[in-house]
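The values are calculated or read from the model by the stated rules, or taken from the named source; none is laboratory data. All figures in this text were calculated on a predicted structure; none of them were measured in a lab. Neighbour counts are summed over all protein chains in view; Cβ atoms, including those assigned to glycine, are modelled from backbone coordinates with ideal geometry. For accessibility, only protein heavy atoms count, side chains too; no ligands or nucleic acids. Shrake-Rupley method; radii C 1.70, N 1.55, O 1.52, S 1.80 Å.
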Amino acid sequence: MFASAFGADCVTVKINRKGTKPMNYWNKDIECAPRSELEALQSYRLANTVRRVYENVAPYRAKMDAAGVRPEDIKSIADLSKLPFTVKQDLRDNYPYGMFAVPASEVVRVHASSGTTGKQTVVGYTAKDIDIWAECAARALVNVGGTKDDYVHVSYGYGLFTGGLGMHYGAEKLGATAIPASAGNSMRQLEMFRDFGSSIICMTPSYAISLIELMQEKGFKKSDFKLKAGLFGAEPWTEEMRRQIEEGLGLKAYDLYGLSEIMGPSVSAECVCQAGMHICEDHFIPEIIDPDTLEVLPAGQQGELVFTCITKEAMPLIRYRTRDIASLVYDKCECGRTLVRMLKPQGRTDDMLIIRGVNVFPSQIEAALLSVDEKATNYLLEVNRVNNLDTLEVQLETRPDMFGDDVKTLENYKKRVKAAIDSAIGVGVSIKLLEPKTLARSMGKAVRVKDNREIKNKFEKK
Amino acid sequence: MLIDQISVFVENKQGRLADVMKVLHDSGIDIRAMTIADTTDFGIMRLIVDDTEKAIAALKSDGCTAAVTKVIAFTIPDVSGSLYKVMDIINDNGINIDYLYSVMGKTAGRADIVIRVEDNDQAIKVLTDNGIQLISGDELCRG
C-alpha cells in the first residue's frame, strides 16, 4: 500500500460535516491510513534511518555508543525511547555540516536558522528531501482547501529562512500559481493581493496583523481582495489573533508549524476543521516528553515536542528536542485524516520566563491581553530585576480608537488589562501605555520579550 | 458656543513635550490655551489652538494619538469669589465638571475659564441664563 506514498494523487471524498462537503487530500493513502499501517511504515523507516545515521553521523554515533544502543536494537517505534536525544547545541557544536549524513555531492541546498536564540544553525537537503518537503507543503495547502487554481502568495522571507522557499515549492508541487512576494514592502503586498488575485497567503501572524493595520491606514477593504485562506506560522499566536486576522483579511486562518532542523514549514498544518495540526507522520515521528525527567508522556499530555526524521537523507535528526510545548491528539479528525494532530504550541521551554519563581509563558500574557482588547497586538514584555526582585512590565501601544479626552478611560483600560494578566499568570505585572508606533514592527518573527536581567532564569536542563 | 479642544496622548519621557511643540510650531499653529493632566507614565495634553484641523493633521502625521473634544469657555472678572459664584450656579443645577482650567485673560481684570462637562447644551443654557459671558475659541486669550 505504500507504493503511492509519495504519489501526487489528489483525492476528493465526501465527509459528513454540516451536510456533505467535498474535502481534498493530497495523499489520501497516507493521510487517512489506519494507525497500524502507519506504525508499520514508521517502524520500517525508523530502523533504516537509525542504521544510516549510526554509520554516517559521527556525533550521533558517539551518543549511541555512550548510551549503549546499537542500530540493531531499534526494530520498531516501540524502541524509539531507547535512543538518545539531539538538541540544538549539537548542531552548533558540529557547525556547519557535522550532522549531515550524506557527502556534499548529495546535498542540493542548505538553509540556516534565524539564530534568534543563539548562533545560527545550518541544515541541508538532498534532492529527495526537497521533494518530500514540497509534498508536505502541498499537503498543508490542500489541507486548507488549496487547489491548482489557487494563487499562493508567499510572504515568508525567501533566503536562508526556510519559510519562503518551503511554501513556494509546495505551491508549485500542488500546481498552484506561486507568488514569491517574500517579506517586506507591505504596501506592495496589499497591491499584489488586489492585483494578482492572491487566494492563499503564507506569512507570520504578526505580519498579517501589521498588514491589516496598513489596510486601514491606506483605505484598503477586505472586499478588494480574493483571499480565502492563510497559513500562518513561525511564531506562536492565539485564537484571538486568529479571529482578528480572519475578520481583517476576510479569510480562514490556519496554523502552520515547522522548524528548519526537522525540515521547515509544513511539518504539520491545520485542516479546515481548525482543530490541531496534522503531522506528516510518514516522515516525522512526534513524541511528547517531560522536559525535566525526559520521560515520554502519554498521549494528550502537554510537554516538550520531540521529532525524529525517518525519511530525511541529508540531515536526519533523531529525537530532536524542539523546545516547543505542545500535546498530541490521536483521535481521527472530522476531516477524515488519521494523522496525529498537535495542538498549538503553548510557548517554548526556552522562552519561558521565570518571574519571581513563577513560570510564565509570553503566550499566556498575550491571550489575556487580547481577551480584554482584541486589537492590542502591539506589545512588548520587559523584564527587569529591581532590588533583587523581578518585575514584568507589559508595554502597550495606544491607538486612536481607545483614546478619548480623559485620563479615566486610559486608567480603566490599564486596570482591566492588568487584572486579566495578573489572574492568568499569577504574577503581578505593571502596564505601561506607549505612543503609537513606538514598538518596532517585524516582517518575520515579532520580538515580544526583552529580558534585561543579568542572571536569566532559563529552563535549560541537561 | 462650543470650542474644539485637542487632546494628545504623551508618554512621560524627557523631550516629549518639546517634540509635540515642534510639530505644532512647524505647522505655524498658535496655541491659545493649554493644560496637561499627568499620571505616572503618561499624560494627556489638552490644547486649544487657532487652527484645529491643521493641528490635528500635523499631529496625526507625526504619529501622535490625538482626539478632538468639545469644551466650553467663559470669562469672569478677576476678583475674589467670581469663580466661586459660577461654580455655585453650576452645582445648583446638578452639572458635574469633568475638569477645568484657567487661562490668563489678555484683558486686564478678566480671567478665562475652560470647562469640560457631560452635557454641553445644559451647561451653556445654565451659564447663559445666569448672565455668564461665554467666549469663542478666537476670543480666548484675545480679550
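Being surrounded by 14 or more Cβ atoms within 10 Å (Cβ to Cβ), at the interface with chain A (Cβ under 9 Å from one of its Cβ atoms) and farther than 25 Å from A:Ile431 by Cα is a condition met by no residue of the stretch B:86-95. Of everything in the stretch A:14-37 that is part of a strand (DSSP E or B) and open to solvent by less than 60 Å² (accessible area, probe 1.4 Å), the residue that is modelled with the lowest pLDDT is A:Ile15.
If you check A:Gly426, A:Gly347, A:Gly444, which single one turns out to be buried (at least 19 other Cβ atoms within 10 Å of the Cβ) and at positive phi?
Numbers: A:Gly426 fails: buried (at least 19 other Cβ atoms within 10 Å of the Cβ); A:Gly444 fails: at positive phi.
After ruling out the rest, the residue left standing is A:Gly347.
Hey, among A:Lys437, A:Lys432, A:Lys450, which residue is within 27 Å of the chain's Cα centre (by Cα), within 14 Å of chain B (Cβ to nearest Cβ) and not in a helix (DSSP H, G or I)?
Numbers: A:Lys432 fails: within 27 Å of the chain's Cα centre (by Cα); A:Lys450 fails: within 14 Å of chain B (Cβ to nearest Cβ).
Only one candidate qualifies: A:Lys437.
In the set (1) within 9 Å of chain A (Cβ to nearest Cβ); (2) open to solvent by 30 Å² or more (accessible area, probe 1.4 Å); (3) within 18 Å of B:Val103 (Cβ to Cβ), the condition left unmet by B:Asp38 is number (3). Exactly one residue out of B:Arg16, B:Arg32 is surrounded by 16 or more Cβ atoms within 10 Å (Cβ to Cβ) and over 19 Å from the mean Cα position of the chain (by Cα), and it is B:Arg16. The residue pairs whose first member lies in the stretch A:202-229 and is over 24 Å from A:Thr162 (Cβ atoms), whose second member is assigned to a loop (DSSP other than H, G, I, E, B) and acidic (Asp, Glu), and whose beta carbons are closer than 9 Å, counting only pairs six or more residues apart or on different chains, are A:Lys228/A:Asp150. Identify the residue in the stretch B:117-143 that is open to solvent by less than 60 Å² (accessible area, probe 1.4 Å) and not aliphatic (A, V, I, L, M) and, among all such residues, is nearest to B:Ile97 (Cα to Cα). For the stretch B:117-143, the residue satisfying everything is B:Asn120. The residues of the stretch A:38-78 that are surrounded by 16 or more Cβ atoms within 10 Å (Cβ to Cβ) and in a loop (DSSP other than H, G, I, E, B), listed by number, are A:Val57, A:Val69, A:Ile74. With the requirement that a residue be over 18 Å from the mean Cα position of the chain (by Cα) and hydroxyl-bearing (Ser, Thr, Tyr), what does the stretch A:316-332 give you? Listed by number, the list holds a single entry, A:Tyr330. Kindly check whether there is at least one residue in the stretch B:13-27 that is within 12 Å of chain A (Cβ to nearest Cβ) and not in a helix (DSSP H, G or I). Yes, the stretch B:13-27 contains at least one residue that is within 12 Å of chain A (Cβ to nearest Cβ) and not in a helix (DSSP H, G or I). Selection within the stretch A:399-417: residues that are touching a Leu at 6+ places or on another chain (Cβ under 8 Å) and farther than 20 Å from B:Arg116 by Cβ. The member of this set that is nearest to the other protein chains (Cβ to nearest Cβ) is A:Lys414. A single entry from A:Tyr207, A:Tyr169, A:Tyr156 fulfils the requirement of being aromatic (Phe, Trp, Tyr), surrounded by 15 or more Cβ atoms within 10 Å (Cβ to Cβ), in the same structural domain as A:Lys252 (by TED's automatic domain parsing) and outside any helix (DSSP H, G or I): A:Tyr156.
One line per residue, one yes/no per condition, for (1) in a loop (DSSP other than H, G, I, E, B); (2) within 21 Å of A:Ile74 (Cβ to Cβ); (3) among the hydroxyl-bearing types (Ser, Thr, Tyr):
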residue: A:Leu231; (1), (2), (3): no, no, no
residue: A:Glu240; (1), (2), (3): no, no, no
residue: A:Val267; (1), (2), (3): no, no, no
residue: A:Val272; (1), (2), (3): yes, no, no
residue: A:Gly300; (1), (2), (3): yes, no, no
residue: A:Leu305; (1), (2), (3): no, yes, no
residue: A:Glu313; (1), (2), (3): yes, yes, no
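Regarding A:Glu281, is this residue open to solvent by less than 10 Å² (accessible area, probe 1.4 Å), under 20 Å from A:Lys82 (Cα atoms) and not in a strand (DSSP E or B)? For A:Glu281, the condition - open to solvent by less than 10 Å² (accessible area, probe 1.4 Å), under 20 Å from A:Lys82 (Cα atoms) and not in a strand (DSSP E or B) - is met.
Going through the stretch A:288-299 one residue at a time, which ones are open to solvent by 50 Å² or more (accessible area, probe 1.4 Å) and either within 29 Å of A:Tyr125 (Cβ to Cβ) or touching a strand residue (DSSP E or B) at 6+ places or on another chain (Cβ under 7 Å) (or both)? Give the derivation first.
Filtering the stretch A:288-299 down to residues open to solvent by 50 Å² or more (accessible area, probe 1.4 Å) leaves A:292-293, A:295-296, A:298-299.
Hits for the stretch A:288-299 are A:Glu295, A:Val296, A:Ala299.
Note on the stretch B:48-85: among residues that are assigned to a helix (DSSP H, G or I) and within 12 Å of another protein chain (Cβ to nearest Cβ), the one that is nearest to B:Leu140 (Cα to Cα) is B:Ile56. What do you reckon, is B:Glu139 part of a loop (DSSP other than H, G, I, E, B) and of a type in the set (Asp, Glu)? Yes: the conditions hold for B:Glu139.
Checked against (1) within 14 Å of chain B (Cβ to nearest Cβ); (2) in contact with an Asp or Glu (Cβ under 9 Å, 6 or more places away or on another chain), A:Thr322 passes all but a single condition, namely (1).
Looking at the stretch B:105-115, is at least one residue under 28 Å from B:Phe9 (Cα atoms) and either open to solvent by 30 Å² or more (accessible area, probe 1.4 Å) or assigned by TED's automatic domain parsing to the domain that holds B:His25 (or both)? Within the stretch B:105-115 (the criterion being under 28 Å from B:Phe9 (Cα atoms) and either open to solvent by 30 Å² or more (accessible area, probe 1.4 Å) or assigned by TED's automatic domain parsing to the domain that holds B:His25 (or both)), the answer is no, since none of the residues qualifies.
Per this entry, B:Val68 is not counted among residues that are at pLDDT 90 or above, open to solvent by less than 60 Å² (accessible area, probe 1.4 Å) and hydrophobic (A, V, I, L, M, F, W, C). For the stretch B:1-12, filtering for residues that are open to solvent by less than 30 Å² (accessible area, probe 1.4 Å) and more than 10 Å from chain A (Cβ to nearest Cβ) leaves 1.
Does at least one position in the stretch A:308-315 carry a residue that is surrounded by fewer than 21 Cβ atoms within 10 Å (Cβ to Cβ), of a type outside the set (Phe, Trp, Tyr) and out of contact with any Ser or Thr (no Cβ under 8 Å at 6 or more places or on another chain)? For the stretch A:308-315, residues surrounded by fewer than 21 Cβ atoms within 10 Å (Cβ to Cβ), of a type outside the set (Phe, Trp, Tyr) and out of contact with any Ser or Thr (no Cβ under 8 Å at 6 or more places or on another chain): absent. Within the span defined as the stretch A:360-375, every residue fails to be free of Cβ contacts under 8 Å to residues at least 40 places away in the same chain and either within 14 Å of chain B (Cβ to nearest Cβ) or open to solvent by 60 Å² or more (accessible area, probe 1.4 Å) (or both).
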